[in-house]
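Engineer: Got a structure for you, questions after.
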Amino acid sequence: MKKVDRIRQIVRLKQLMMRWRAISHRRHHHHASSPRRAPSGFVFVYVGQERKRFVIPARFLNLPVFAGLLKETEEVFGLRCSGGLLLPCEVAFFSNIVKHLEKDEHKYGKLSLEDFVNMVSDLASDSCCKEGIVAFTPLLQKARV
């Protein structure tokens, strides 16, 4: 990837995050029961149909896997916002991403969304408990193709 393309991608992601925050901020002021703010340096993300809330370091949003998730989120939801960043993927898959990044951000931080999908698929095929892996949502099936 050219340096200019990389810079454009970073600028686009930052603009997207600023729009999400602005929309979220406006909605929180209209609701008396808005959730507490994320700690400094962290963001809330809501994952899956059950919208499980995760608190992740904001720096994760600059990693390729989150760039892929944010791009897919924008394609699926547009800029609609329900008070937080909603990622349409399985909770187990997202937990796996966060677990790997917390374990070794330097090693796993370079992986794209597709790389994580392939890694989880490979782990499932290597294990005797392939049925234990949670099925992917349409978003992730689309990313695998």
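Engineer: Please work out which residue is most open to solvent (accessible area, probe 1.4 Å), limiting yourself to the stretch 41-69 and to residues that are in a loop (DSSP other than H, G, I, E, B) and among the small types (Gly, Ala, Ser). Please lay out each step first, then the result.
Structural biologist: At the first step, the residues of the stretch 41-69 found to be in a loop (DSSP other than H, G, I, E, B) are 41, 48-51, 63.
If we keep only those that are among the small types (Gly, Ala, Ser) as well, we get 41, 48.
Working: GLY41: 49, GLY48: 14 Å².
It comes out as GLY41.
Engineer: Taking the criterion of being hydrophobic (A, V, I, L, M, F, W, C), touching a Lys or Arg at 6+ places or on another chain (Cβ under 7 Å), at pLDDT 90 or above and within 24 Å of MET119 (Cβ to Cβ), would at least one residue in the stretch 86-108 satisfy it?
Structural biologist: First pass over the stretch 86-108, keeping only residues hydrophobic (A, V, I, L, M, F, W, C): 86-87, 89, 91-94, 97-98, 101.
From what is left, the residues that are touching a Lys or Arg at 6+ places or on another chain (Cβ under 7 Å) are 86, 91.
The next check asks that each one be at pLDDT 90 or above; those that pass are 91.
Still in the running and within 24 Å of MET119 (Cβ to Cβ): 91.
Among the residues of the stretch 86-108, at least one is hydrophobic (A, V, I, L, M, F, W, C), touching a Lys or Arg at 6+ places or on another chain (Cβ under 7 Å), at pLDDT 90 or above and within 24 Å of MET119 (Cβ to Cβ), which makes the answer yes.
Engineer: In the stretch 116-127, is there at least one residue being surrounded by 18 or more Cβ atoms within 10 Å (Cβ to Cβ) and modelled with pLDDT of 85 or more? Walk me through it before giving the result.
Structural biologist: Kept after step one, since they are surrounded by 18 or more Cβ atoms within 10 Å (Cβ to Cβ), are these residues of the stretch 116-127: 116-117, 120.
The next check asks that each one be modelled with pLDDT of 85 or more; those that pass are 116-117.
Within the stretch 116-127 (the criterion being surrounded by 18 or more Cβ atoms within 10 Å (Cβ to Cβ) and modelled with pLDDT of 85 or more), the answer is yes, since at least one residue qualifies.
Engineer: Return yes or no: is LYS52 in contact with a helix residue (DSSP H, G or I) (Cβ under 8 Å, 6 or more places away or on another chain), more than 20 Å from ARG12 (Cβ to Cβ) and at pLDDT 90 or above? Give the steps one after another, and end with the answer.
Structural biologist: Numbers: in contact with a helix residue (DSSP H, G or I) (Cβ under 8 Å, 6 or more places away or on another chain): yes; more than 20 Å from ARG12 (Cβ to Cβ): yes; at pLDDT 90 or above: yes.
Yes; evaluated as a whole, the condition is true for this residue.
Engineer: Output the residues belonging to the stretch 97-107 that are assigned to a helix (DSSP H, G or I) and open to solvent by 30 Å² or more (accessible area, probe 1.4 Å). Break it down stepwise before answering.
Structural biologist: Filtering the stretch 97-107 down to residues assigned to a helix (DSSP H, G or I) leaves 97-103, 105-107.
LYS99, GLU102, LYS103, GLU105, HIS106, LYS107, listed by residue number.
Engineer: Of all residues in the stretch 12-23, how many are open to solvent by 70 Å² or more (accessible area, probe 1.4 Å) and within 19 Å of VAL65 (Cβ to Cβ)?
Structural biologist: Let us first name the residues in the stretch 12-23 that are open to solvent by 70 Å² or more (accessible area, probe 1.4 Å), namely 12, 14-15, 18-19, 21.
Those left that are additionally within 19 Å of VAL65 (Cβ to Cβ): 12, 14.
The qualifying residues number 2.
The values are calculated or read from the model by the stated rules, or taken from the named source; none is laboratory data. Small disclaimer: the values here were computed from a predicted structure and weren't measured. Positions of Cβ are backbone-derived with ideal geometry, glycine not excepted, and every protein chain shown enters the neighbour counts. Ligands, DNA and RNA are excluded from the accessible area calculation, which covers all protein heavy atoms including side chains. Shrake-Rupley method; radii C 1.70, N 1.55, O 1.52, S 1.80 Å.
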